[in-house]
Every structure is written in C-alpha cells, then in structure tokens.
C-alpha cells in the first residue's frame, strides 16, 4: 500500500521526511518536496512505485521516496508512526492525502482484517506497555482508508498512474493560489484565462493578453505559466520578445523554442511575453515552425528588416480615440517630445499651452497611457510608437501639414522649402543635422500657430523675417542672428523658459 501526500504551498512547516532524508531545493515556501511517497514492500518498490515516481519527476515535481528495504506496511511500526504524522498534518490542512491500494482490499485496511489483523495482534503483543500507540495506528489506518482512493484491482497500472498524476497536478494548482497584497483581483483573471485556454481539449489554442503598459500582462502570463506548465508534456516561456528581437533578432528565440526539438509532436504550453509585431508571433509559433532551417529563419528575418510592417495595436488605438481632444493633444505632446523629461518642467510647458491641464494629465494616468516615475514623465514604448504613428498620418505626403515635427529630415525639409502651414504647432529637433543647414528666411512665415520651437545648428543666409508671437517655448542653440524679428512679441513665453540663445558672432547670450 502506498500513500501520496501533496503538500500545501501555504504551510510554514518543515519538510515532512525525517532528517535522515536527502536534501532538495525548495519548490514551494516551507517544504522541500511537492510529493511524499509513503510505501513499503518489495512488490511495489521496483514496479508501481518506481513508475509513479518517474512520472511525477518528469512533470518537474519534487518527489520524496524512502529507498530503505522494510517489511510490508502493516507490519512496520515505522510506517504506522509515519502514517499518524501524515494524518496529523492532513487534519491541520498542511497535507492532502491520496491513498493507493496496491492489490489490497480497502475494507481490510479500514477494519484491520486478514493480514492487517495478524500484524496488529503482533503489535499489541510487542507494544503492550504502550498500547495507546497501537490504538492510534488503528485509527489512522481507518481514517485514511475512508478517503477517496485508487484501487489497482483489475486495472492497468499505467492508466492509474496517468490519472493519479493528473489529479495531483490539479490539487497542486488549486493549493498554490496567488496571495499577494499588490495583486488585487489576480485570481479572478487567472480563472478567466484558464477557462479560455480550455486545457482539457485536444486542440490548438491561441490566447492573447492585450492592453496598455503597466497593466500586469507579463505578471499574469508568468503566473499562468507557473500554474499550468505541469499539465503539459513540454513548456516554454519566452520573455521580452520585443526587446530581445530588437537586440539579437528572432533566431536566438527560435533556437530556444526549438532546443533539441523537445516541443515537437507534444502537448505543449508556449508563452510569448511582450510581442509587438504579428511577424514575431508567426515566426515563433507559425504552422511551419518545425519544418525550416535556421538559415531559412535568418533569411526571413532579413526580409522583415528590409520591409518592416508598421502596425498600430487596435486596442491602444481604441483607447486613444476615446480621449477628449485636449487629452489627445497632451498625450501626443508627451509621446513626441516629453517622455523622460522632468515632471515640473513639462507641466510648466503644458500649462502655457493648455488651460489647467492637470485634470487631463490625471485622466491619462488613470488610463495608464502615461506614468510618472522618479519625477519624470514616462510611457510604454508601444504607446510612444502609437503617438508617433498618429501624427504622420495627418499628412503622409507633406510633413509641413502635420501638427508636430521631430524627424530631422522632415524639419529640414519644411524649413528649407518653406512648406510649413498654420497647422504646425511644435518643432523639436533633438538631433541636430550633421552639417550646417541654411534655411529659407521665410521659413516660419506661414506657421502662425507654432507654440514650441527647439532647434540647433541651423542658419539663415541673411535674416529671419518672421516668428509668431504664439510661441510659448524657444530653445535655439547657436542662434545665428543678433536679434529677433521686429514683429516678434515674447509675452506668451513661459517665464522660466525665456529664450537663451548663443550669438554666433558675439559669443554672448541673447535674452528676450
């Protein structure tokens, strides 16, 4: 007869096996093992128990078994003492006990009949001075024999072991619940994900977790993986797909996924974390995944680099479209210009552009479209890409008809060719052109609604004829002229951000 004790992860007790047992690294808090096999008898050691131990180990479960050669279960006082301890732990909710009757009648165990009766007569004689211990052993056997169990009589052992492993995994998954004060509502989301995965069905399931940055998508995916990977023949968690593919390409991720072809022709769980392109999904879990060589993967990757598909997440776009107009503008300003900048500095600029923008900032924070961390404005890379995708769509053919300009080639084109229109509100040239550019003196003449201007290393052949008085911020490194255009009135400039430009000719600061 054998017992399996599936140890609850929430327990704080030490490992159940005695101190003489071999050590093992902890897989759950407070326990050395997931499973403790309590068995005796040469008839089970090298067949059923050995097969069960191997099946559990293949699932990655830390399983303890005692390899010492002892007599049958009922005759062993050591086994019975161990059984009493098991029952005590079970009653304290520290263990889940799953009995297996290896060609033994459960009623004989429960009522101590047959070989069990003979064994207990010997125990009563041997331990007559401690007869209460024997009564405790009897009670423990009776209690355990009344638990729902597996009876191997007239059954195929392989099928019973398969069923047992599945039951144990289910018990472990239910006991390893998530308890964390910072993960509010995570259990209900995990339950929903498990239902969507429908792991009992014999088919292929793709389930995506979409949403804005900081919502806990990776945390949820990792918890799902930790909870369910036991239930599959193979599993793989590929983390940071977007970042890793940018740094090293997709081939290393494919090699990791296909390592030793261990996922071929198996029921597997594969989780891809932080995927931002459909091509990554197709490359890593496409139908032809197992049929092409690494060279062919590299060829496909080169093709992607030559003609990358620019995609905007439907979920993110829907969130953006649901914003009010001013909220959209502030989101685009932060995405295009202010990510990573000091909070106070950005708020000062936004207050000059919009009337009382703090409520709009709060809305963006609540919708997780932006974050403020360590005193700076931040947003997820995908959200920034969304913003920088939206603006060029305002005028795909002519950047001078877009509200915001930041690409060097676009800024130079607009200022050289004088194509800027009234719709242009902001120009930020963070990366100055490699060579000194000479611009059209009329470059700003049509940009009457320009409010933000940050440029450097650009010059005019003679003079700058016009600059709108709607400007709130000017930052012009190496300003080439001795004065501003006579029509320019600086009243709307942010006080703490007045023009400080270095005069090329006089090597001194020009203040307005």
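The values are calculated or read from the model by the stated rules, or taken from the named source; none is laboratory data. The structure presented is a predicted model; accordingly, all values stated were derived computationally and were not measured. Backbone-built Cβ (ideal geometry, glycine too); neighbour counts: all protein chains shown.
Give me the pairs, please: first residue somewhere in the range 79-106 and assigned to a helix (DSSP H, G or I), second residue anywhere and surrounded by fewer than 18 Cβ atoms within 10 Å (Cβ to Cβ) and modelled with pLDDT of 85 or more, beta-carbon distance under 7 Å, and either six or more positions apart or on two chains.
84/136; 87/143
Go through the range 458-495 and count every residue that is in a loop (DSSP other than H, G, I, E, B), at pLDDT below 75 and loosely packed, with under 15 Cβ neighbours inside 10 Å.
2
One residue is enough: does the range 430-449 have a residue meeting the conditions surrounded by fewer than 21 Cβ atoms within 10 Å (Cβ to Cβ), under 25 Å from residue 339 (Cα atoms) and either at pLDDT 85 or above or not assigned by TED's automatic domain parsing to the domain that holds residue 485 (or both)?
Taking every residue of the range 430-449 in turn, at least one turns out to be surrounded by fewer than 21 Cβ atoms within 10 Å (Cβ to Cβ), under 25 Å from residue 339 (Cα atoms) and either at pLDDT 85 or above or not assigned by TED's automatic domain parsing to the domain that holds residue 485 (or both).
Taking the options 81, 131, name whichever one is surrounded by fewer than 16 Cβ atoms within 10 Å (Cβ to Cβ), under 15 Å from residue 39 (Cα atoms), in contact with a helix residue (DSSP H, G or I) (Cβ under 8 Å, 6 or more places away or on another chain) and modelled with pLDDT of 85 or more.
Sole residue among the options that is surrounded by fewer than 16 Cβ atoms within 10 Å (Cβ to Cβ), under 15 Å from residue 39 (Cα atoms), in contact with a helix residue (DSSP H, G or I) (Cβ under 8 Å, 6 or more places away or on another chain) and modelled with pLDDT of 85 or more: 81.
When residues of the range 230-250 are filtered for being crowded, with 19+ Cβ neighbours inside 10 Å, assigned to a helix (DSSP H, G or I) and modelled with pLDDT of 75 or more, how many remain?
So the count comes out to 2.
Out of the residues in the range 403-424 that are assigned to a helix (DSSP H, G or I) and touching a helix residue (DSSP H, G or I) at 6+ places or on another chain (Cβ under 7 Å), state the one that is surrounded by the fewest Cβ atoms within 10 Å (Cβ to Cβ).
Of everything passing the filter in the range 403-424, 413 is surrounded by the fewest Cβ atoms within 10 Å (Cβ to Cβ).
Listed here are the residues, each with its yes/no results for (1) outside the structural domain of residue 134 (by TED's automatic domain parsing); (2) at pLDDT below 60; (3) in contact with a strand residue (DSSP E or B) (Cβ under 6 Å, 6 or more places away or on another chain); (4) surrounded by fewer than 19 Cβ atoms within 10 Å (Cβ to Cβ).
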| site | (1), (2), (3), (4) |
| --- | --- |
| 20 | no, yes, no, yes |
| 47 | no, no, no, yes |
| 72 | no, no, no, yes |
| 77 | no, no, no, yes |
| 85 | no, no, no, yes |
| 100 | no, no, yes, no |
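Taking the range 448-467, which residues are out of contact with any strand residue (DSSP E or B) (no Cβ under 8 Å at 6 or more places or on another chain) and touching a residue at least 24 places away in the same chain (Cβ under 8 Å)?
The answer is 448, 449, 465, 466.
Of all the residues that make up the range 227-248, how many are under 16 Å from residue 190 (Cβ atoms) and in contact with a strand residue (DSSP E or B) (Cβ under 9 Å, 6 or more places away or on another chain)?
Counting residues in the range 227-248 that are under 16 Å from residue 190 (Cβ atoms) and in contact with a strand residue (DSSP E or B) (Cβ under 9 Å, 6 or more places away or on another chain) gives 4.
Does residue 418 fit the bill of being at pLDDT 80 or above and on the phi > 0 side of the Ramachandran plot?
Yes: the conditions hold for residue 418.
Would you be able to say whether some residue in the range 187-194 is under 26 Å from residue 282 (Cβ atoms), touching a helix residue (DSSP H, G or I) at 6+ places or on another chain (Cβ under 6 Å) and at pLDDT 80 or above?
Yes.
Among all residue pairs at least 6 apart or on different chains, which show Cβ distances below 6 Å where the first residue, located in the range 186-210, is assigned to a helix (DSSP H, G or I) and the second is modelled with pLDDT under 75?
From the range 186-210, the pairs are 186/178; 187/178.
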